[in-house]
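The values are calculated or read from the model by the stated rules, or taken from the named source; none is laboratory data. This one's a predicted model, so the numbers in the text were calculated from it and none came from an experiment. With ideal geometry, Cβ positions are generated from the backbone for all residues, glycine too; neighbour counts draw on all protein chains shown.
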Amino acid sequence: MPELPEVETVARQLAPVLVGRRVLELRILDPRLRVQRPPRLTGRRIEAVERCGKRVLIEFGPAGDPRFLAVHLRMTGRLSWRPDDVAPDPTSRKHLRAQFRLDRGRLLFADARRFGTFAWYPTRAEAEPAGIDPLSPQLDAHRLDLLIDHSVQNVKTWLLRQDRLVGIGNIYASEILHAAGISPQSAIGALDPLQRRRLLAATRRILTRAIRACGTTFSDFEDAYGLSGSYQRYLAVYEREDRPCRRCATPIARVVQGQRSTYHCPGCQR
Ligand SMILES: [Zn+2]
């Protein structure tokens, strides 16, 4: 499942080719994407493409009467842009669920497993997720304390809660805790101020690095150009069970928390 860095990668790659384009026609091929009736888009100009939580948000103008489309990629969803004279690759063609014909090129949404979703909003505020973005400048030590609010949940499970920090999934939660030197079993509310500062700094550092590497690819994630991310090369603990910790050489351990695997180093995460 793509997490924050993978979604950010797709949005950053699509923005330069989509912003300024006008919609000629929207064709929704999969009835599941019609849960909400799409607005009339013909003639509208794409004003922005950005990440909003774990979704790609596309703004269609005009500014006085915009429409926002939030695309959740889920497991296998893929947004890509193709010039008019380039046919979609075979995978996109086979699993195509929606197509935006633009005044230059096409925006395609393909999704083999069909868990991806479209949601339409009249304002950006309504598309905002409940949690705060971990890369937002509004997230500081004080705000983090408010979010933690004496919770006794273990810190790994807490990081996966989308109503606190949005966009962190199983891969980056393990990596962040290793970078911060915090045991995944610690109760989040019991972390002292220094540990909280380390948690916040590690969250920003790991997510920023992963964005720079265009995300992590195991099996499904492909960016807007059908390429894989490269962050898997830098993973310190995720799926490295029994292999030596890169910091202290202790074998990496795997535990199950909330039915999900957590990877950690018993040596340097106490
Ligand atoms: Zn270690």
Evaluation of residue 40 against (1) assigned to a loop (DSSP other than H, G, I, E, B); (2) crowded, with 20+ Cβ neighbours inside 10 Å (one fails), failing number
(2)
Just wondering, is there one or more residues in the range 194-208 that are aliphatic (A, V, I, L, M), under 30 Å from residue 107 (Cβ atoms) and at pLDDT below 95?
no
Condition met for residue 47 (out of contact with any Ser or Thr (no Cβ under 8 Å at 6 or more places or on another chain) and assigned to a strand (DSSP E or B))
yes
Hey, among the residues in the range 215-236 that are farther than 19 Å from residue 167 by Cβ and among the aliphatic types (A, V, I, L, M), which one's modelled with the highest pLDDT?
236
Cβ contacts < 9 Å: first residue touching a residue at least 60 places away in the same chain (Cβ under 8 Å), restricted to the range 242-259; second residue assigned to a loop (DSSP other than H, G, I, E, B) and more than 10 Å from the ligand (Cβ to nearest atom), any location; separation 6+ or different chain. Result?
255/184; 255/185; 257/184; 257/185
Residue that is within 13 Å of residue 5 (Cβ to Cβ) and surrounded by fewer than 18 Cβ atoms within 10 Å (Cβ to Cβ), where the choices are 197, 212:
212
Residue list for the range 244-267, restricted to those being surrounded by 13 or more Cβ atoms within 10 Å (Cβ to Cβ), of a type in the set (Gly, Ala, Ser) and within 9 Å of the ligand (Cβ to nearest atom):
267
If you check residue 240 against the conditions, is it within 16 Å of the ligand (Cβ to nearest atom), of a type outside the set (Asp, Glu), modelled with pLDDT under 95 and part of a loop (DSSP other than H, G, I, E, B)?
no
Mind checking whether some residue in the range 139-148 is under 19 Å from the mean Cα position of the chain (by Cα) and over 17 Å from residue 50 (Cα atoms)?
yes
For the range 105-144, which positions are surrounded by fewer than 14 Cβ atoms within 10 Å (Cβ to Cβ) and either farther than 16 Å from residue 60 by Cα or of a type outside the set (A, V, I, L, M) (or both)?
113, 122, 123, 126, 130, 136, 137, 138, 140, 141, 142, 143
Considering 182, 171, 176, which residue is within 15 Å of the ligand (Cβ to nearest atom), assigned to a helix (DSSP H, G or I), in contact (Cβ under 8 Å) with a residue 12 or more places away in the chain and crowded, with 21+ Cβ neighbours inside 10 Å?
176
Considering only residues that are within 21 Å of the chain's Cα centre (by Cα) and in contact (Cβ under 8 Å) with a residue 60 or more places away in the chain, look in the range 97-108 and name the one that is farthest from residue 68 (Cα to Cα).
97
